[in-house]
1. Counting only residues 5 or more places away or on other chains, whose amide H sits under 5 Å from the amide H of His425 once H atoms are built in the peptide plane?
2. For Glu560 paired with Arg503, estimate the spin-label separation in nm (one decimal), with each label point 7 Å from Cα along the Cα-to-Cβ line.
3. What is the packing order of peptides 328-341, 571-584, 502-515, taking the mean over residues of other C-beta atoms within 10 Å and listing the highest first?
4. Could you give me the ³J(HN,Hα) list for region 501-506, computed from phi with Karplus coefficients 6.51, -1.76, 1.60 and θ = phi - 60°, whole Hz, x at Gly and Pro?
5. To the nearest 20 Debye, how big is the dipole of region 178-291 about its Cα centre, given +1 on the beta carbon of each Lys and Arg and -1 on that of each Asp and Glu?
6. Going Cα to Cα from Lys10, which aspartates and glutamates come in below 19 Å? Please leave out same-chain ones fewer than 8 positions away.
7. Give me a comma-separated list of calculated 3J(HN,Hα) values for region 542-558, in order, Karplus coefficients 6.51, -1.76, 1.60 applied at θ = phi - 60°, integers in Hz, x for any Gly or Pro.
8. Where does the Debye-calculated log10 I(q)/I(0) of region 178-291 sit at q = 0.17, 0.21, 0.23 Å⁻¹, using only Cα point scatterers of equal weight, no solvent?
Amino acid sequence: MIEHRQTLIKIKADLLNICISSVDKLNSYSEYSTLLHNCLNQHFEIDKCCFLLFEGETLKPFNINSSENFKGIPWASFANYFGHHKLVQIPELLLDHLECEHLTHMVLLKEGNFDVHGVLLLKSTSKWLDFMHSDYFEDFIDVMSKVLLMISKNVVVRQNENQYRKLYNMTDLFHSTMDIDLILENVLITIQENFPHFNVELILSNDQDRQTKIQIKPFDYLSERPSAIEAFVSGNITTEQATDLNCCLLNAPIKGRQAIYGILQVSAPFSFVFSNAQKDFIRMLAHASGNALENAKLYHQSHRLISDLQLINETSHRLNMRLDINEMFMFLQKQLMKSFQPMELCFVLKENGKFKLTEAATDLFKSDEGSVYINHVAKHFETSQDPLFIADFSRLISKDVEYKSVMAIPMVVEQRINGFSMVLHRESYFFSFDSFKLMQSLIHHSSLAIANSILRNQLQQMVDHDHLTKLYARSYLDKFVEHSLQHDDSGMFLLIDIDNFKRVNDTYGHQIGDEILVQIGKRLIKTVGKRGISARWGGEEMAVYVPNILENESLLLAEEIVKSIPEATDPSVTISAGLVNWNNEKNGEFQTLFLQADTALYNAKNKGKNQVCVYNDTMSMEL
């Protein structure tokens with residue numbers, strides 16, 4: 001009995017060493033299984049064993065190269081063999097598998113009456129048979145069960161960390177590229193790195209004509225499987241046990257903000273069951289790639305529209321240059337004035353369902369007299385896309401007006417009116433029909449360029465801003481600071497981190513965490529105002545940069561920000577911040593500013609959080 005007790009103590013010591021090693025050394029089941037097998041071999045001379053890990057309703061081996069039909073065995077096949085016992089002989093069911101050849105016993109690894117953690121299959125020895133009849137065998141099973149549970153949890157945590165680190169890196173890449181091929185390639189790479197034994201396929205709905213470096217399957221309603229069509233239509237993940245393909249299919253929609261662009265289809269072995277964590281990872285990957293793909297498509301579409309306009313006349317060619325919307329209208333105003341010699345002219349854009357006068361308008365349209373013409377034309381274009389050619393406007397409204405001749409042309413893109421242009425002259429019948437047709441042609445060819453300029457501005461806003469917090473993106477902040485360092489006399493850089501943000505997500509959920517990020521973003525924008533810019537640095541870190549500010553003013557601003565955040569957030573959170581000031585006497589590089597601000601932020605965290613620390617040279621010496 002003493003010998004058995006000593007054996008159990010030694011086994012516990014070995015298992016404790018395995019637990020300690022798992023903290024920062026072991027990452028995979030194979031590494032754990034080697035140590036567990038060595039432990040059994042050392043104390044019981046067991047030279048062959050197999051661990052089956054309980055996942056869902058399936059037992060899966062993790063320390064052998066298993067055949068396809070041994071990769072997952074339903075727990076129901078085992079439960080009846082154990083009954084009320086934790087140690088039984090190997091059933092004939094398993095002896096048919098080459099992996100179990102020569103094995104004699106199997107042990108149910110569970111703690112007392114709690115859930116099953118796994119099954120140990122082994123080839124018994126005399127030492128094993130002697131120990132399993134001792135009073136310490138039940139303790140051995142409990143200890144081994146606890147260790148197996150710890151191994152399972154630790155490996156899952158490590159795998160999740162690795163997966164989400166890759167997802168973060170991929171998302172960061174998506175935010176910095178408009179290369180569709182690069183986006184699609186990285187989606188496949190990320191999936192295949194995390195699920196190396198599965199087949200992955202991209203099924204895209206509108207890329208049939210694209211020549212990509214990777215293999216893309218076109219989405220075809222007539223030939224796709226019902227589960228794939230359901231995922232594409234509903235926007236939700238679907239799974240299917242495809243008996244005809246002898247596999248389990250998972251279909252994740254590649255979804256953007258405006259549409260669904262295809263399906264990310266993962267093919268696993270038939271008996272495989274996708275966990276919720278795996279589904280969430282694939283869903284987030286597909287969603288991130290959908291947003292990136294959408295942004296890239298819109299970006300490329302806008303450029304293609306501009307390229308098309310280069311094929312038409314001199315006016316459209318000029319409009320295809322990198323002009324903003326106001327420059328376009330001012331150029332068109334000069335062209336129309338030169339070509340048609342009107343006395344008054346205006347451009348009106350449709351925004352949020354209402355027509356709004358642009359800056360490219362003569363003074364008449366800014367008065368009540370001019371609003372008569374605008375209201376009449378706007379009312380017409382609410383129900384019709386036909387241009388207006390009016391020889392005598394006074395006859396239409398039954399009252400005398402100063403300007404008789406009117407031409408109004410809608411700016412139509414994809415059967416939608418984005419606005420209109422109007423010219424007036426005092427004389428009736430002043431404009432010829434040829435002038436009317438020419439103006440139609442000019443506005444028609446210009447409409448696409450104008451719409452494209454609006455879209456380009458919107459796209460640039462999307463690229464320059466973080467979609468969640470509406471703060472500037474990291475890339476925009478980098479450019480802004482680099483420019484300031486070269487052209488301004490001084491400035492401040494404030495790096496901010498939300499205190500205990502992980503606790504907030506764990507307590508309230510990630511949706512509340514996102515709301516807190518939005519609340520902090522709004523407060524930063526309000527507090528900083530037009531003096532500088534606020535940006536999302538990454539995760540729960542944000543940054544503020546203000547050029548041409550004195551050091552004492554920068555500290556007051558930083559303290560105001562730190563003080564205001566608990567009041568601006570619900571649930572209330574605090575922030576820590578690191579502040580760096582620069583001027584012409586101590587001008588530096590942006591990388592240096594960031595490192596100094598990060599050091600100051602580190603000090604603020606160490607000093608109790610909820611405060612701002614100003615960087616000084618002694619901080620670097622303390623690290």
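1. Those qualifying (amide H under 5 Å, at least 5 residues apart or on another chain) are Met343, Lys404, Ser405.
2. A separation of 2.9 nm, rounded to one decimal place.
3. The most tightly packed comes first, giving 571-584, 328-341, 502-515.
4. Values, residue by residue: 5, 4, 5, 5, 5, 5 Hz.
5. Result for region 178-291 is approximately 240 debye, rounded to the nearest 20.
6. Within reach: Glu45, Asp47, Asp130, Asp135, Glu138, Asp139, Asp142.
7. Result, ordered by residue: 9, 9, 10, 10, 10, x, 6, 10, 6, 4, 5, 5, 5, 5, 4, 5, 4 Hz.
8. So the normalised log intensities are -0.78, -1.24, -1.49.
Each value in this text was obtained by applying a stated rule to the coordinates, not by laboratory testing. Because the structure is a prediction, the values reported are computed rather than measured. Every residue, glycine as well, gets a Cβ built from its backbone with ideal geometry; the counts of neighbours run over all protein chains shown.
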